[in-house]
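The values are calculated or read from the model by the stated rules, or taken from the named source; none is laboratory data. Fair warning: this is a prediction, and the values are worked out from it, not measured in the lab. Glycine gets a Cβ as well: all are built from the backbone with ideal geometry, and neighbour counts include every protein chain shown. Side chains are part of the model used for accessible areas, which takes the heavy atoms of the whole protein and leaves out ligands, DNA and RNA. Shrake-Rupley method; radii C 1.70, N 1.55, O 1.52, S 1.80 Å.
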Amino acid sequence: MRRKFIAGNWKMNKTAEEGAALARELVKALAGGGKADVAVCPPFTALAAVGAELKGSAIALGAQNMHWEKSGAFTGEVSAGMLVSAGCKYVILGHSERRGLFGETDATVNRKLAAALAAGLAPIVCVGEVLAEREAGRTLEVVAGQVRNSLANLDARDMLKVTLAYEPVWAIGTGRNATPEQAQEVHAAIRGLLAELFGKASAEAVRIQYGGSVNAANAKSILSMPDVDGALVGGASLKAADFAAIVGSS
Ligand code: PGA
């Protein structure tokens, strides 16, 4: 039985002080523990302050991006080792905003993935189609291509440390979430492909999160689908009560 995993992607929101305040609220709101694994992914500049607040709690720390090299002349970039030393357990890779706005491709995601695993981070690899691809009936083909290429050269053991996030781009920040059935269809297809690539046992163990306008009202129905193992939450992760309600729905 896969344990649900709810992660908050704060995107470019919250200063260190604001992030620490939100983390304090979250620790309080989620103090009872629960059935799900929980992580928050603040901007780089808030990692230390948020990490300090999360210490001793069950909420893990994650980052939103990293570079694939260990160090060097890469102005503005942050390495996997730096994220580990900042207290991160997770790192989001290949978010559609990184792909769409900052030129990330499956190939760069794949390099980042190898570097993250080598550093001991647990990557959350994002895939998802844009609206035109869905309307053209190409969703499963597009997502399968992203999964295959982003995960190239991984073995079944590596795969156990990876979480996938299916995030239809048309559902991100739009208030227009995929229906539970639409999410389930893609999640099941991804799991089928993982079985082909890494074997059935690995495919059954890997968690696949849904992301895209998840909120306190729709979380339960989405999370109740058999192949939806959690959520990657953007906007609703910025309010402690909403995020706690989503965690509580799992
Ligand atoms: P959203 O973002 O919940 O605001 O739609 C999700 C994401 O981009 O991870």
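What to note about this one:
- Amide H partners (placed H, <5 Å) of A122, local residues excluded: Y90, V91
- Here the gap between R24 and E141, fully extended at 0.36 nm per residue and compared with their Cα-Cα distance, gives a gain of 37.9 nm.
- Cα extents of the chain along the three principal axes, largest first (Å): 45, 45, 34
- Region 4-249, accessible surface, carbon-and-sulfur percent (1.4 angstrom probe): 55 percent
- Förster radius 35 Å - calculated FRET efficiency between N13 and S71, Cβ distance, rounded to 0.05: 0.80
- Residue by residue, region 206-220 carries 3J(HN,Hα) couplings of 5, 8, 10, 8, 9, x, x, 6, 6, 9, 4, 7, 9, 4, 4 Hz when phi is fed to the Karplus relation 6.51 cos²θ - 1.76 cosθ + 1.60 (θ = phi - 60°); x denotes Gly or Pro.
- The residue among V130, A144, H95 whose Cα reaches farthest toward the positive pole of the charge dipole of the chain, with charges on the beta-carbon of Lys, Arg, Asp and Glu, is H95.
- Distance violations [Cα-Cα > 31 Å] among K28/K200; K35/K239; K89/K239; K11/K220: K28/K200
- Pairs of Cα atoms farther than 12 Å apart, region 119-163, %: 65 percent
- The stretch between K35 and S57, if pulled fully straight at 0.36 nm per residue, gains 6.5 nm over its current Cα-Cα span.
- Segment R148-A205, length gained on full extension (0.36 nm per residue, minus Cα span): 18.8 nm
- Solvent-accessible surface of the chain, taken per residue with a 1.4 Å probe and all protein chains present: 44 Å².
- Sequence-distant residues sharing a close amide H with F5 (under 5 Å, placed H): D37, G230, A231
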